[in-house]
Amino acid sequence: MASTVVSVVGARPNFMKVAPLDREFSRFPEIRHLIVHTGQHYNPEMSAVFFEQLGLPDPNYHLGVGSGRHGEMTGKIMIEFEKVCVDIQPDMVVVVGDVNSTIAAALVARKLLIPVAHVEAGLRSFDETMPEELNRRLTDCLSNLLFVSEPAGVTNLRNEGIAPDRVHLVGDIMLETLRTFLPAIESLEKWESFGLSKGSYSLVTIHRPSNVDTPQALTETIDILSLLPKPVLFPVHPRTQARMNEWGLMDKILANGTCRLVSPQPYVDFLSLLQGSRLIFSDSGSVQSEASFFDVPCLICRENTERPIYLEEGTSELVGRNSEKVREELGKLAEGSYKKSTPTIRELGRDVARKTVNRIRDALAGGPV
Ligand code: UD1
């Protein structure tokens, strides 16, 4: 009899993590793989376009939860996901990353005695003001199988007393997806559609509450953009857009020169823009791994990161909203001394889904969970 595995996605960065798992699960007729979309992200350019580009089948269930405060969103996801679990009785629930959908689904599943696998487990920023940090810690406590993307994650889980036999270092699934789409990314040359030439522009993505949710933080962030080598291309996240509109900061950003605001980009389009850029300034998590893969300098607009390997072996540098640090790193870039990624980075995205799904299949076949 087929086993049912349910993978839960909710927000933009989740879709790229489930795509390689879905492909791998589809190789095994004894597994019925279903996708549940919580609806945490709902705009077509934040969700549907990713399903299309990544070749993900339409979700089997859509919970339609939408945006809201953390408690409200998490609670709504739990209420709706519990109904799905009761209905289909999955043998395993797979959650990915660190968003509210991740913790909500993990908690529901475990309370129903359904084993949980967490992909991208063990990452820690040690900054509990980030909602994602709480989601990571709690999801890892609850999960039966923990799939870790980099060695620091194994150490973190050991330090938290998680049994080592539940922890599996498999590599960075975002980089596996990137590798799969590399031919499409490399042939797109998306910069041309913005009239830019390769290696000549800065790319920006900013959306974290700590950078955009107060007028002061957002103003400081926008001020930093004026330091970046021009032209600057900025695909604006809906959260950032809403705050800029609310506080009348659009004029400020347009006034500070060649900062060009464009809509959020689909996956392949964004990675093409990243590959062709001179540098990226970002507060995203996974952009750190993607920039390191392409050896593009990545100035992180944060004080900490849960992905230390991309600081140590990749091209990431923590600069926060500190203009001195930004100037210092830009100086290195101008004189050609900015650090390069080590060969380790290119290896982190190999066979991640295969290793993950193999371990899940063992568990479904009666192995330890
Ligand atoms: C979530 C994740 C965060 C992730 C981010 C990626 C949590 C705790 N946080 O943040 O880790 O980096 O997604 O984007 O789960 N909006 C739309 N349409 C959409 C999506 C969002 O208009 O499709 C607007 C809404 O005004 C919403 C705001 O953007 O209130 C929030 O967006 P975002 O920061 O992406 O979502 P979070 O769920 O807060």
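FYI, it's all coordinate maths here, none of it is from the lab. As the structure is a prediction and not an experimental result, all values here were calculated from the model. We place every Cβ from the backbone using ideal geometry, glycine too, and count neighbours over all the protein chains shown.
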- [ ] Run down the aspartates and glutamates and flag those whose C-alpha is under 16 Å from the C-alpha of Lys339, throwing out any fewer than 8 positions away in its chain.
- [x] Glu290, Asp295, Glu312, Glu313, Glu317, Glu328, Glu329
- [ ] Please name whichever of Gly367, Leu145, Ala291 sits farthest to the positive end of the charge dipole of the chain, dipole taken about the Cα centre and charges placed at Cβ: Lys and Arg +1, Asp and Glu -1.
- [x] Gly367
Open item on the list: If each DSSP helix of 4+ residues adds -39,500 (n - 2.57) and the sum is divided by the residues in the chain, what number results at 222 nm, nearest 500 deg cm²/dmol?
Closed with: -13000 deg cm²/dmol
Open item on the list: Give me the percent relative contact order of region 216-333, please, defined on Cα pairs under 8 angstrom at least 6 residues apart.
Closed with: 22
- [ ] Let me have the relative contact order for the chain, percent, based on Cα pairs under 8 Å that are six or more residues apart.
- [x] 15
- [ ] State the extension gain, in nm to one decimal, for the chain segment bounded by Thr155 and Asp58, taking 0.36 nm per residue of separation less the distance between their alpha-carbons.
- [x] 31.3 nm
Task: Estimated dipole of the chain in Debye, rounded to 20 [Cβ of Lys and Arg +1, of Asp and Glu -1, Cα centre] - done: 180
Task: Gain in span if fully extended, Thr344 to Arg278, counting 0.36 nm per residue against the direct Cα distance - done: 21.6 nm
Open item on the list: Show me, bin by bin at 5 Å from 0, the whole-percent P(r) of region 280-352 based on Cα pairs.
Closed with: 4, 18, 29, 25, 16, 5, 2, 1, 0
Task: Student exercise, region 182-347 dipole from Lys, Arg, Asp, Glu Cβ charges, in Debye to nearest 20 - done: 260
TODO: Quickly work out the Trp247-to-Ser323 label distance, labels modelled 7 Å from Cα along the C-beta direction, and quote it in nm with one decimal.
DONE: 1.6
Open item on the list: Tell me the angle of helix 131-142 to the major Cα principal axis of the chain, expressed in degrees between 0 and 90 and rounded to the nearest ten.
Closed with: 20
Open item on the list: Can you tell me the length gained on complete extension of the stretch Glu45 to Asp223, counting 0.36 nm per residue apart and subtracting the Cα distance?
Closed with: 61.4 nm
Task: Segments 304-310, 73-79, 243-249, 118-124 sorted - mean Cβ within 10 Å per residue, highest first - done: 118-124, 304-310, 73-79, 243-249
Task: Cα gyration tensor, the chain - rounded (a/c under 1.5), prolate or oblate - done: prolate
Task: Cα gyration tensor shape of region 6-103, rounded if a/c is under 1.5, else prolate or oblate by comparing a/b with b/c - done: oblate
Task: Lys111 paired with Ser197, simple spin-label distance in nm, labels 7 Å along Cα-to-beta-carbon - done: 6.0
Task: Peptides ranked, highest mean first, by Cβ atoms within 10 Å: ranges 3-10, 199-206, 125-132, 227-234 - done: 3-10, 199-206, 227-234, 125-132
Open item on the list: Longer than 31 Å from Cα to Cα, which of Lys17/Lys83; Lys198/Lys252; Lys252/Lys332; Lys83/Lys190 are they? Say none if no pair is.
Closed with: Lys83/Lys190
Open item on the list: Quick check on region 225-273: take the gyration tensor over C-alpha atoms, sort the square-rooted eigenvalues as a ≥ b ≥ c, and tell me if it's rounded (a/c under 1.5), prolate or oblate.
Closed with: oblate
TODO: In whole angstrom, note down how far apart the Cα centers of region 79-149 and region 296-334 are.
DONE: 30
